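The values are calculated or read from the model by the stated rules, or taken from the named source; none is laboratory data. On a predicted model such as this, the values are computed, not experimentally measured, just so you know. Every residue, glycine among them, receives a Cβ derived from its backbone with ideal geometry; neighbour counts consider all protein chains shown. When the accessible area is computed, the model is the full protein with side chains, heavy atoms only, and any ligands, DNA or RNA have been set aside. Shrake-Rupley method; radii C 1.70, N 1.55, O 1.52, S 1.80 Å.
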Amino acid sequence: MIDPQKTDIRLLKGIGDAKAKQLLRLGVFTVWDLLTYFPIRFEDRSKVTKIFDLEHDTNACVNGIVVTPVSEHYVRKGLTYYKAQIRDDTGIATCIFFNNKYIKNYLKKGYEYSFYGKINIRGNTREILSPEFEISSQSQCTKCIVPVYPLTSGISQKFLRKSIADAYRTYQKYFREVIPGDLLKEYSLCGIDFAIKNIHFPKDSASLEIAKKRLVFEEFFLLQTSLRKMKARTKKISGIPFLKTDIADFLSSLPFTLTDAQKAVTEEIMHDLSSGGVMNRLVQGDVGSGKTIIAAIAIYICVQNGYQSAMMAPTEVLARQHYNDLSPLLEKFGIRSALLTGSTTAKNKREIYEKLQNGEIDIAFGTHALITDKVEFKSLALAITDEQHRFGVRQRMQLSEKGHSVHTLVMTATPIPRTLALIVYGDMDISVIDELPPGRQKIDTYCVGENMRERINTFIRKEIEKGNRAYIVCPAVEESETVELKSAEEHYAELSQKIFPDIPTGIVHGKMKAKDKEAAMNDFICGNTKILVSTTVIEVGVNVPEATLMVIENAERFGLSQLHQLRGRVGRGKEKSYCVLFCASFSDEIKERMKIMTQSNDGFKISETDLKLRGPGDFFGTRQHGELRFKIADLANDFSVLKHSGIAAEKLLKKDPLLLDEQHFYIKEATDRLAENLVL
């Protein structure tokens, strides 16, 4: 049987080697890739507008008879335009085409065409600019809902539409129905044939919505089935069986007592490590909830069992911070640590490589430098990834692959509503630290307008004079001509030269070289600078106890979860801390969002509000675009379908865990293929 998923795109009429090479840039290798290359938007050209009723600066579809030959008008080198007049029973309009000398061959006087383009009205003159057109009786891209696709050089909308139409006609009879009939019925989903036809060539808007719902459901359903299968498979893999370890001595060495939430998560991790399976656990906890000490306990258990650990962080500053915080604690128990980053000298790198290989180092802290080919461990058994959303699946796996059946612990300070986390991180067990250590002060948060600028600047100065430090976060690096946003560079120049010329001020943003960013951060950590102007690069992990003030410019441009993360950079010492949110506008929605920030310091409560107000896209932007490249689904807009498809996946795997039933053959095939792509 012919399989469109394995059929080379070059078997379609009109697609040779050159076009196939161009289509490869769009990720189109096979006929099925083409059929599932979905539009990014649709233009409703189904309504035909009379010439008299045309409105300025709108797009419209017009039927008209060409009443004049196409005339050519030379303006200058590189700019020639062509004109032809059309009429209907209400008036006359002029079609204008730019730099298209072949238009004379296609547009003939006396014939009726359908035109679609931008309308320009000057006085009594109606113009249609650069319209698409076709003979009225043969309309395919006018008088209907028309798909618009992402393009690449050499590939046009017209070519894609024609190629997809050819593929549908030729291979329609070979389409496979992946979703079983009972699920189609239960969730009121159309068949795959109807879905493919109406996502590309919708009969009407209702048919388009029916097709989209089906295809979104399938994409989410296959993803969640695949993730749950991966989780079940991980549970069955034999891991390095750790003996139950007494951690009382380690806990008694700490200058504080674990919270009940930390104790519960520690129990979950200890159970994983001694279960005989491979641990694959995500620990999420609010800013300051004490995730790092949980990692230290896991490292202690691992080393006590005679194995090595590795802890990877996304930045050198954070990796160094973990090393400085944890290595003294671990050293008391004879646990040998090392720090490996991009700036580690070549001589020290060689020494660390050798000691990791012969087992003289028990725990390696570091950045991406830990996953380079030169790094070899003697007996790696625990891989910890901090701020996991900053790494791709492949990078995390590269660390685990440095050993055999390695236990994996990933941590994030981004509080994600549990229902959403269970769906999207379906391949992992999830622990939540939902309690802050006693004595951690509430950060007083204020939302202000530009009229408070002078008072806030005075407050910044007072905090610095007390011996404290301040962050000032801007949404943009450079000034923009199109959007009015505070830029880090412009604001830094104003603060350091005019407002606080006597206060050492630094700047850090994503466009700086890595070594310059590290130097700027270290100057602030050490106190050489007292004010740090920054973009959101300081969002993750930086611990400066002396920082008591966070000022966020254009706060309305950030999601609530991101504002909460930024606010969490202060309040880490004994002094009272504050967060000031400058807003450039105060719509009802912005007021509602800022209200939750000023009233609550609870990251999970804030994330639930963010989910309701903005949808789930904020939580998984990096994961969605970096790993889970959805073809048609959208986490932010299709959340209800996501939930239903998750329920369907769970039911299916309860009934047939290995998908061995004959009616589930195509699901098994699709989810196995998807699992490979998630890993690679």
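The figures follow:
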item	result
Any chance Ala383 is modelled with pLDDT of 80 or more, open to solvent by less than 10 Å² (accessible area, probe 1.4 Å) and in contact with a Lys or Arg (Cβ under 8 Å, 6 or more places away or on another chain)	yes
Residue match in the range 326-344 (condition: more than 20 Å from Thr245 (Cα to Cα) and among the charged types (D, E, K, R))	no
Only one of Glu127, Glu219, Glu177 that is open to solvent by less than 60 Å² (accessible area, probe 1.4 Å), closer than 26 Å to Asp3 by Cα and charged (D, E, K, R)	Glu219
Unique residue being touching a strand residue (DSSP E or B) at 6+ places or on another chain (Cβ under 9 Å), touching a residue at least 24 places away in the same chain (Cβ under 8 Å) and over 17 Å from Ile293 (Cβ atoms) when the list is Ala381, Ala313	Ala381
Only listed residue being in contact with a strand residue (DSSP E or B) (Cβ under 9 Å, 6 or more places away or on another chain) and within 17 Å of Leu370 (Cβ to Cβ), chosen from Arg350, Arg336	Arg336
Leading residue by the ranking (nearest to Lys19 (Cα to Cα)) among those in the range 141-174 that are in contact with a Lys or Arg (Cβ under 9 Å, 6 or more places away or on another chain) and surrounded by fewer than 16 Cβ atoms within 10 Å (Cβ to Cβ)	Gly154
Number of the exception - Glu132 against (1) among the charged types (D, E, K, R); (2) open to solvent by 70 Å² or more (accessible area, probe 1.4 Å); (3) at pLDDT below 95	(2)
Residue within the range 50-63 that is open to solvent by 40 Å² or more (accessible area, probe 1.4 Å) and without any contact (Cβ under 8 Å) to a residue 40 or more places away in the chain present	yes
Test: residue in the range 281-298 that is outside any helix (DSSP H, G or I), surrounded by fewer than 21 Cβ atoms within 10 Å (Cβ to Cβ) and of a type in the set (S, T, N, Q)	no
Number of positions in the range 562-594 that are in a helix (DSSP H, G or I) and in contact (Cβ under 8 Å) with a residue 60 or more places away in the chain	5
Qualifying residue in the range 304-322 (condition: in a helix (DSSP H, G or I) and modelled with pLDDT of 95 or more)	yes
Qualifying position, being modelled with pLDDT of 75 or more and crowded, with 17+ Cβ neighbours inside 10 Å, among Ser640, Ser585, Ser607, Ser600	Ser607
Unmet criterion (only one of (1) free of Cβ contacts under 8 Å to residues at least 60 places away in the same chain; (2) buried (at least 18 other Cβ atoms within 10 Å of the Cβ)) for Lys244	(2)
Residue satisfying condition, being aromatic (Phe, Trp, Tyr) and in contact with a Phe, Trp or Tyr (Cβ under 7 Å, 6 or more places away or on another chain), within set Phe194, Phe133	Phe133
Residues within the range 489-539 that are assigned to a helix (DSSP H, G or I) and farther than 19 Å from Thr458 by Cα, tallied	18
Pairs, first open to solvent by less than 50 Å² (accessible area, probe 1.4 Å) in the range 644-669, second at pLDDT 90 or above and not in a helix (DSSP H, G or I), C-beta under 6 Å, six or more apart	His664/Asp656; Ile667/Val178; Ile667/Leu659
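Here's the yes/no breakdown for (1) at pLDDT 95 or above; (2) surrounded by fewer than 21 Cβ atoms within 10 Å (Cβ to Cβ); (3) not aliphatic (A, V, I, L, M):
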| position | (1), (2), (3) |
| --- | --- |
| Ile2 | no, yes, no |
| Asp8 | yes, yes, yes |
| Gly14 | no, yes, yes |
| Gln22 | yes, yes, yes |
| Val28 | yes, no, no |
| Val31 | yes, no, no |
| Leu34 | yes, no, no |
| Arg41 | no, yes, yes |
